[in-house]
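Presented below is the structure to which this report refers.
The values are calculated or read from the model by the stated rules, or taken from the named source; none is laboratory data. Not measured: the values here are computed from a predicted model. Every residue, glycine as well, gets a Cβ built from its backbone with ideal geometry; the counts of neighbours run over all protein chains shown. Heads up: the accessible areas ignore ligands, DNA and RNA and are worked out on the full protein's heavy atoms, side chains in. Shrake-Rupley method; radii C 1.70, N 1.55, O 1.52, S 1.80 Å.
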Amino acid sequence: MSLLIKNGRIITSSDDYIADIYIENEKIKQIGMGLSVKADQTIDATGKLIFPGGIDPHVHLDMPFMGTFSSDNYETGTGAALFGGTTMVIDFILQTQGKSLYDALKEWKGRSDGNAVGDYSFHMAVTDFNENTKAEIKDLIEKEGITSFKTFMAYKGALMIDDRQMVGLMNEVKKQGGMVTTHATNGDMIDYLVAKHRGEGKLSPLYHYLSQPEITEAEASGRFSDMAFQTGVTAYIVHMTCEGAHNHVRDAARRNQKVYAETCIQYLVLDASLYDKGFESAKWVMSPPLREKKDQASLWAGINQGSVQVVATDHCPFKWEQKKLGENDFSKIPNGHPAIEHRMELLFSEGVHKGKISLNKFVEVSSTNTAKIFGMYPRKGCISPGSDADLVIFDPNKQHTLSAKTHHMNCDYSGYEGWKVTGKCETVILRGEVAIQNNKLLVKKGYGQFIKRNKTTGII
Ligand code: DUC
Ligand code: ZN
Ligand code: ZN
């Protein structure tokens with residue numbers, strides 16, 4: 001199968017030029033002006049932008065969580081991602097405390113193998129670090145290509161590890177050449193506030209927000225960064241939401257330490273005023289919660305200044321029936337919201353179209369940096385000969401409206417209902433196959449591949 005894309009405006013993290021792209025056997029073969037090659041299929045991309053396929057390094061598909069499962073499975077989740085220009089995701093395996101990391105890998109493979117339409121990888125969440133788990137790290141990195149180890153500093157009793165385990169994990173992961181990432185919020189502070197609010201009969205979604213003030217995230221981010229400094233491990237903070245946490249990341253840079261920071265699209269475009277809608281606010285109950293305008297400003301500035309390298313989603317959808325598990329108690333509302341499909345278009349519309357970030361920056365934070373940080377570059381995250389032909393042909397002027405009626409995520413509401421967006425992913429190509437065209441998904445379940453990743457180099 002060969003494919004020729006003519007006259008597109010190619011945008012990478014550093015370049016912006018018009019050329020043709022010739023694709024053969026899943027890879028980009030040639031890039032040049034007026035290529036005169038014969039191809040099985042030709043697409044005219046005149047007037048369109050061409051981006052590297054988006055990579056979302058923070059999604060939860062078919063995940064057992066808070067007594068239920070996230071509502072997108074590997075097929076619906078990676079399919080919705082493709083509609084929105086994201087050709088690859090990194091999902092999280094959660095170790096069950098008391099069991100091994102390989103047990104968890106087996107369980108996750110049972111749900112993902114043969115089911116994805118888009119490409120995917122895994123982070124391994126270590127929820128119980130001990131001598132047995134320590135011994136599994138090397139094989140996960142070298143044999144399975146799972147090079148990033150997620151930790152939770154909150155969700156005590158199921159997911160959280162203490163600082164002693166964190167330091168032990170960091171030392172081992174550093175030794176084996178991987179990376180440690182974290183959900184940086186202070187679990188004990190949050191649990192105290194949750195119990196206090198429940199004890200006072202304050203049970204609406206607003207109290208989810210009020211139980212996780214900025215300081216709970218800032219404190220944990222600083223502590224994580226300090227432990228990473230002491231151990232020398234490559235460190236990455238997931239879903240950073242606020243100025244207080246961002247200040248710690250900047251402090252780390254001042255002492256010549258790199259702590260990578262990921263934010264999510266919702267923290268850039270939505271704010272805590274959405275917690276003022278009674279139980280409807282459950283749509284935005286996620287952890288950490290949405291923050292304030294001043295936090296959005298800090299994150300956009302961080303993107304431009306390079307202290308925030310990645311924009312992800314933390315896609316973790318639950319249907320309305322599932323959200324209603326917490327109708328009488330905010331602490332029982334499954335945490336998470338649907339976003340996998342909207343990340344690229346919202347970032348373009350709110351970021352590039354509104355003049356907050358450049359086109360090159362858009363590519364950097366939606367694809368290239370993620371590929372570099374997580375050991376997939378230059379196979380993914382760029383438009384170069386030899387790279388996987390993962391491409392988005394994008395109409396920068398097309399206006400459309402986001403809605404649960406038209407989205408492809410398996411969720412019966414949208415956190416962005418009625419949002420007007422400028423710019424649309426028109427054609428999406430995954431390893432040389434046209435995956436999305438004319439608003440149709442053209443690849444089948446099982447086309448998505450598990451991508452083994454290389455050791456983390458920390459090259460940004
Ligand atoms: N936050 C969420 O909102 N959902 C899944 C896990 C998490 O940390
Ligand atoms: Zn988290
Ligand atoms: Zn998450």
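What to note about this one:
- ILE93 meets all of the listed conditions (1) assigned to a strand (DSSP E or B); (2) more than 16 Å from ligand 2 (Cβ to nearest atom) but one, namely (2).
- Hey, ALA154 within 16 Å of ligand 2 (Cβ to nearest atom), touching a residue at least 60 places away in the same chain (Cβ under 8 Å) and surrounded by 22 or more Cβ atoms within 10 Å (Cβ to Cβ) or not: yes
- Leading residue by the ranking (most open to solvent (accessible area, probe 1.4 Å)) among those in segment 195-246 that are of a type in the set (S, T, N, Q) and closer than 20 Å to LYS283 by Cα: SER204
- Out of GLY114, GLY79, sole residue that is modelled with pLDDT of 95 or more, out of contact with any strand residue (DSSP E or B) (no Cβ under 8 Å at 6 or more places or on another chain) and not β-branched (Val, Ile, Thr): GLY114
- Hey, TYR192 of a type outside the set (A, V, I, L, M), farther than 26 Å from VAL308 by Cα and free of Cβ contacts under 8 Å to residues at least 40 places away in the same chain or not: yes
- Scanning segment 112-132 for residues that are part of a loop (DSSP other than H, G, I, E, B) and of a type outside the set (Asp, Glu) yields GLY114, ASN115, ALA116, VAL117, GLY118, VAL126, THR127, PHE129, ASN130.
- Some residue of segment 95-110 being within 14 Å of ligand 1 (Cβ to nearest atom) and open to solvent by less than 40 Å² (accessible area, probe 1.4 Å): no
- Residue that is surrounded by the most Cβ atoms within 10 Å (Cβ to Cβ), among those in segment 66-77 that are in contact with a Phe, Trp or Tyr (Cβ under 8 Å, 6 or more places away or on another chain) and small (Gly, Ala, Ser): SER70
- Qualifying residue in segment 46-65 (condition: among the aliphatic types (A, V, I, L, M), farther than 23 Å from LYS440 by Cα and open to solvent by less than 20 Å² (accessible area, probe 1.4 Å)): yes
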